[in-house]
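Throughout, read-outs are computed from the coordinates displayed, never taken from laboratory work. For clarity, every value in this text was computed on a predicted model and none was experimentally measured. Note: ideal-geometry Cβ built from the backbone for every residue, glycine included; neighbour counts use all protein chains shown.
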């Protein structure tokens, strides 16, 4: 399936800089850091707090949804379809160990786009067949905030993935302002970051540096 045939799509501009949350590494309060990365130019926030209950995740998602709306950014909820629907998120992001895409589509209907984490060409091909809106490809480099479970593919691996699919590919894993441009030049529609943004002493300035690096 081509990207244009997906039932619910995400504007590619919203995939330019996806800030993935991790409140355990944030330098201060998460909501403040979210506001700062949005001010710096993040085009989407992915709320990824796997240890929270659905109620706790919902309570955290509500003000983040308000913040993304103020800044014209998208909100993606990791794994929880029910929370994504409850807060009016733009997408739910799944791993291959989460609910299958067909089931999620039957629940979400036309209300949510679906993103998927991919780590192999077979997973990307399957994602395209199932009609997801975008994939993240990781790790491209050695991750900043956590230990990689797969070997980094480097820019050449990322380029191979982008050349293999019409789906928007978001580069993830060890992405910094210094290497973000190489990912876009390799065909990625954008980049996603966790530690280099939310672990930064100045998330606003770091987000701005990402955007400037990708547009220079």
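Here is how the numbers come out for the structure above:
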| quantity | calculated |
| --- | --- |
| Long-range Cα-Cα pairs in the range 3-215 (distance over 25 Å), rounded percent | 31 percent |
| Order of 215, 21, 165 - criterion: other Cβ atoms within 10 Å of each residue's Cβ, fewest first | 215, 165, 21 |
| Efficiency of FRET between residue 86 and residue 29 - r from beta-carbon atoms, R0 35 angstrom, step 0.05 | 0.95 |
| Theoretical ellipticity at 222 nm over the chain - DSSP helices of four or more residues, -39500 (n - 2.57) apiece, nearest 500 | -12000 deg cm²/dmol |
| Inter-probe distance in nm under a simple model that places probes 7 Å from Cα toward Cβ, at residue 156 and residue 126 | 2.7 nm |
